[in-house]
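A.B. asks: Have a look at this one.
Where a number appears in this text, it was derived from the coordinates with a stated rule and is not lab data. Note that the structure is a prediction, hence the values are computed from the model and not measured. Here the Cβ positions follow ideal geometry from the backbone for every residue, glycine too, while neighbour counts run over all protein chains shown.
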Amino acid sequence: MNSDFTLAIHSLTFLALQPDRMSTSEAISGSSGVHPVRIRKVLSLLKKNGFIKTKEGTGGGFIFAKDLSEVNLWDLYKVTSEGALQPKCLESNKQCVVGANMQNVLLTIFLGAEEHLGMYLKDYTMREIVDLINQQ
């Protein structure tokens, strides 16, 4: 799993806690401790997939575009990290029974793991993330 996933959750939570105003990538960067350019990359993915809206110019920035209960962590994982659990196999000896089959065996196992992860992540919406932050 890559950090884009956690940055997406962080960014959306930040925006969700400020529903009535636009937020800048610099503000989100200050919260997450990540360079604004890196945040803008993640925000671009979120915008492309309809999670946020943007406004350019003075007073512009980013704002959450959906109801918090409509967005679950699996949605964000698919946008930022889908396939991240797939094993990276080196070129194997195809003349060996292990080398010829290891990639397919591991792929089957890890695709199953990602499917189970998806079922788990679907249980957490951005509403629940915001509620957990507010309880801290």
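A.B. asks: Going Cα to Cα from K47, which aspartates and glutamates come in below 17 Å? Please leave out same-chain ones fewer than 8 positions away.
C.D. replies: The reachable aspartates and glutamates, counting only those whose Cα sits under 17 Å from K47, are D4, E26, E56, D67, E70, D75.
A.B. asks: State to the nearest 20 debye the size of the charge dipole of the chain about its Cα centre, where the only charges are +1 on K and R beta carbons and -1 on D and E beta carbons.
C.D. replies: Details: 14 positive and 14 negative charges, 90 e Å.
Around 440 debye, computed over the chain.
A.B. asks: Next up: Return T108, T125 ranked ascending by Cβ neighbour count within 10 Å, so the fewest neighbours appear first.
C.D. replies: Values: T108 10, T125 18.
Listed from fewest to most nearby Cβ atoms, that is T108, T125.
A.B. asks: Another question about this same structure. On C-alpha positions alone, give me the angle between the axis of helix 3-16 and the longest principal axis of the chain, in degrees, nearest 10.
C.D. replies: 20 degrees
A.B. asks: Taking the Cα-to-Cβ direction at K41 and at L111 and moving 7 Å from each Cα, how far apart do the two end points lie in nm?
C.D. replies: Placing both labels 7 Å along Cα→Cβ, they lie 2.8 nm apart.
A.B. asks: Tell me, what does the Kirkwood hydrodynamic radius of the stretch 3-135 come to in angstroms if you use every pair of distinct C-alpha atoms? Walk me through the numbers on the way to the answer.
C.D. replies: Numbers: mean 1/r = 0.0605 Å⁻¹.
Computed over Cα pairs of the stretch 3-135, the Kirkwood hydrodynamic radius comes out at 16.5 Å.
A.B. asks: Given the rule -39500 (n - 2.57) for each run of at least 4 DSSP H residues, summed and divided by the residues of the chain, what is its mean residue ellipticity at 222 nm, to the nearest 500 deg cm²/dmol? Walk me through the intermediate numbers first.
C.D. replies: On the way: 6 runs with 78 residues, N = 136.
Rounded to the nearest 500, it is -18000 deg cm²/dmol.
A.B. asks: So between L90 and E128, what do we pick up on full extension, going 0.36 nm a residue minus the alpha carbon distance? Each step should come with its number before you reach the end.
C.D. replies: Numbers: separation 38, 0.36 × 38 = 13.68 nm, distance 4.01 nm.
Going from the current span to full extension adds 9.7 nm.
A.B. asks: Just to confirm the number: angle between the C-alpha axis of helix 126-135 and the first principal axis of the chain, 0 to 90 degrees, nearest 10?
C.D. replies: 70 degrees
A.B. asks: Here's another thing I want to ask about it. Between the stretch 58-131 and the stretch 30-46, what is the C-alpha centre distance in whole Å?
C.D. replies: 20 Å
A.B. asks: On a full-extension model of 0.36 nm per residue, what is the gain between Y120 and T58, subtracting their alpha-carbon distance, rounded to one decimal in nm?
C.D. replies: On the way: separation 62, 0.36 × 62 = 22.32 nm, distance 4.06 nm.
Separation in residues times 0.36 nm, less the Cα-Cα distance, equals 18.3 nm.
A.B. asks: Do you know the relative contact order of the stretch 3-135, to the nearest whole percent, from alpha carbon pairs under 8 angstrom that are 6+ apart? Could you put the intermediate results ahead of the total?
C.D. replies: Values: 144 pairs, mean separation 36.7, N = 133.
Relative contact order for the stretch 3-135 comes out at 28 percent.
A.B. asks: Can you bin the stretch 75-136 into rounded, prolate or oblate? Criterion: square roots of the alpha carbon gyration tensor eigenvalues sorted a ≥ b ≥ c, rounded for a/c under 1.5, prolate for a/b above b/c, oblate for the rest. Walk me through the intermediate numbers first.
C.D. replies: On the way: a/c = 4.56, a/b = 3.70, b/c = 1.23.
It is prolate, given that a/c is not under 1.5 and a/b is the larger ratio.
A.B. asks: Turning to a different aspect of this structure: Straight-line reach from K53: which lysines fall under 24 Å, measuring Cα to Cα and dropping same-chain residues less than 8 apart?
C.D. replies: Candidates past the 8-residue exclusion: K41, K66, K78, K122.
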